[in-house]
Structure formats: C-alpha cells, structure tokens
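Student: Sharing a structure here in structure tokens format.
Please treat every number below as a calculation from the coordinates, not as lab data. Predicted model, so just to flag it, every value in this text is computed and none were measured. FYI the Cβ positions are ideal-geometry reconstructions off the backbone, even for glycines, and counts take in every protein chain you see.
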Amino acid sequence: MKAHGLKGAIKLELYTDSPNERFVPGATFSLQVPENSEWFGKSVTVRELRWYNAQPVLFLEGIEDRSAAETLIKAILLVQQDLNETPTEPDAWYDQQLVGLKVFRDDQQIGTVARVEHLPAQDLLVVEYNGEEVMVPFVKQLVPEVDVAAGKVVITPPLGLFEELEEV
C-alpha cells in the first residue's frame with residue numbers, strides 16, 4: 001500500500017480476484033506490519049473503494065489525510081477467510097487446499113506439496129522430494145490433475161527436473 005492524494009487515500013496492490021466484493025464499506029482487515037509500527041496488532045475498516053485509471057484506491061476509517069495514509073506504507077491487509085470455502089471458478093484452489101497434498105508421478109508418490117509460490121509469470125508448486133524442494137510450474141501441461149478430495153496432485157514434469165537431484 002502507498003499513499004495517494006491528500007485526503008488519506010491508499011493505492012492498493014491487489015492479490016484478489018474480487019476486490020469489489022472484499023473491499024466493501026465496513027469490511028475490517030488485520031494488518032501485517034513491523035512490530036515497531038504504530039499499527040502493529042491493529043485492524044482497519046473500509047470506508048470506500050474507488051478506481052482511478054484502473055488502479056484501486058482505498059479510503060479507511062480514521063485515515064483523513066496523506067500523513068496518516070503514509071503511516072500505512074507497505075502494510076499488508078490480511079483477509080479473514082473461511083478455510084472450508086472453495087473457489088467458484090473451475091481449476092482454482094486456495095494455497096491451504098494444496099499444501100500437504102501427495103504428489104504423484106507415473107502412479108508413484110514422490111513427495112508432497114510444501115507450499116505455493118506466486119510469481120509474476122506463473123505460480124509454482126514447491127514439492128518436497130527426498131529432503132529437497134523442487135519448484136514445478138503450476139500449469140496444466142505439468143500438473144494435469146489436482147484432486148483435493150483424494151489428497152493428491154499428479155505431475156508430468158520434463159526429464160531432468162527430478163532426476164538431477166537423484167544423481168547428486
């Protein structure tokens with residue numbers, strides 16, 4: 001987040017597909033800030049979300065001028081999410097649904113999903129494999145099957161992605 005204008009607005013960098021549903025007046029968010037921040041351990045409430053030149057700009061209760069907005073520079077808004085909720089679009093999963101799934105290759109379990117990395121070009125599944133972490137691009141060609149109910153992910157990585165670790 002960074003300050004925008006003189007009236008306490010904050011320009012957002014979004015990591016959600018539904019900002020208009022998340023940032024409604026009255027919505028409350030916890031903050032991730034350094035321990036020495038005056039905002040540590042506090043939450044903020046949305047007053048209004050506006051769009052300027054296709055950029056989301058947020059107005060928060062109690063933030064009335066640029067100086068107050070600047071105290072929130074680089075703060076991260078944390079969304080409280082129901083962990084049982086599932087995305088409504090096909091082939092979409094929340095990170096917490098993927099972490100811990102067994103990873104199969106050629107009908108054999110080779111590891112588990114340790115975490116998901118979100119990079120600008122694409123997402124990566126980080127697979128724990130023989131005590132190492134292997135990053136697999138999370139694309140349909142390499143990860144053709146995700147079955148959360150069965151607790152598994154099927155991968156078809158290119159040759160060398162996992163074999164290189166076996167040789168070391």
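Student: Identify which of LEU60, LEU77, LEU119 has the largest mean-square fluctuation in a Gaussian network model of the chain, with springs joining Cα atoms closer than 10 Å.
Tutor: LEU119
Student: Subtract the Cα-Cα distance of TYR15 and LYS152 from 0.36 nm times their separation in residues, and report this length gain in nm to one decimal.
Tutor: Length gained between TYR15 and LYS152: 46.8 nm.
Student: Still on this model: May I ask for the net charge around GLN55, where only other residues with Cβ less than 13 Å from the Cβ of GLN55 are counted and Lys, Arg are +1 while Asp, Glu are -1?
Tutor: So the surrounding residues net to +2.
Student: Which entry is the computed Cα extents along the principal axes in Å for this structure: (1) 59, 35, 30; (2) 82, 50, 30; (3) 54, 33, 26?
Tutor: Correct label is (1).
Student: Say we join alpha carbon atoms closer than 10 Å with springs in a Gaussian network model of the chain; which of ASP95, ASP17, ASP65 then has the biggest fluctuation?
Tutor: Comparing ASP95, ASP17, ASP65 in the GNM, the peak value goes to ASP17.
Student: On a full-extension model of 0.36 nm per residue, what is the gain between HIS118 and VAL79, subtracting their alpha-carbon distance, rounded to one decimal in nm?
Tutor: 12.3 nm
Student: Over the chain, what relative contact order in percent results from Cα pairs under 8 Å that are six or more residues apart?
Tutor: Relative CO of the chain lands at 16 percent.
Student: Here's a follow-up. At R0 = 41 Å, how high is the FRET efficiency between SER67 and TRP93 if r is their beta carbon distance? Nearest 0.05 is fine.
Tutor: 0.50
Student: Right, something else. Looking only at the stretch 94-115, which residues have a backbone nitrogen under 13 Å from a spot 7 Å from the Cα of MET135 in the C-beta direction?
Tutor: 115
Student: How about the stretch 104-168: which trypsin sites (Lys or Arg not before Pro) there lie in a loop by DSSP and see at most 14 other Cβ atoms within 10 Å?
Tutor: Answer by residue number: LYS140.
Student: Could you check which residue among GLU133, GLU61, GLU89 shows the biggest mean-square fluctuation in a GNM of the chain with a 10 Å Cα cutoff?
Tutor: Evaluated over the chain, the most mobile residue of the options is GLU89.
Student: Of all DSSP beta bridges located in the chain, what percent are antiparallel, nearest 5?
Tutor: 90 percent
Student: Under Stokes-Einstein, with the Kirkwood radius over Cα pairs standing in for Rh, what whole-number D in µm²/s applies to the stretch 2-78 at 4 °C and 1.567 mPa s?
Tutor: 104 µm²/s
Student: Remind me, what semi-axes does the stretch 95-167 give for its equivalent ellipsoid, largest first in whole Å, using sqrt of 5 times each Cα gyration tensor eigenvalue?
Tutor: In descending order, the three semi-axes are 17, 15, 12 Å.
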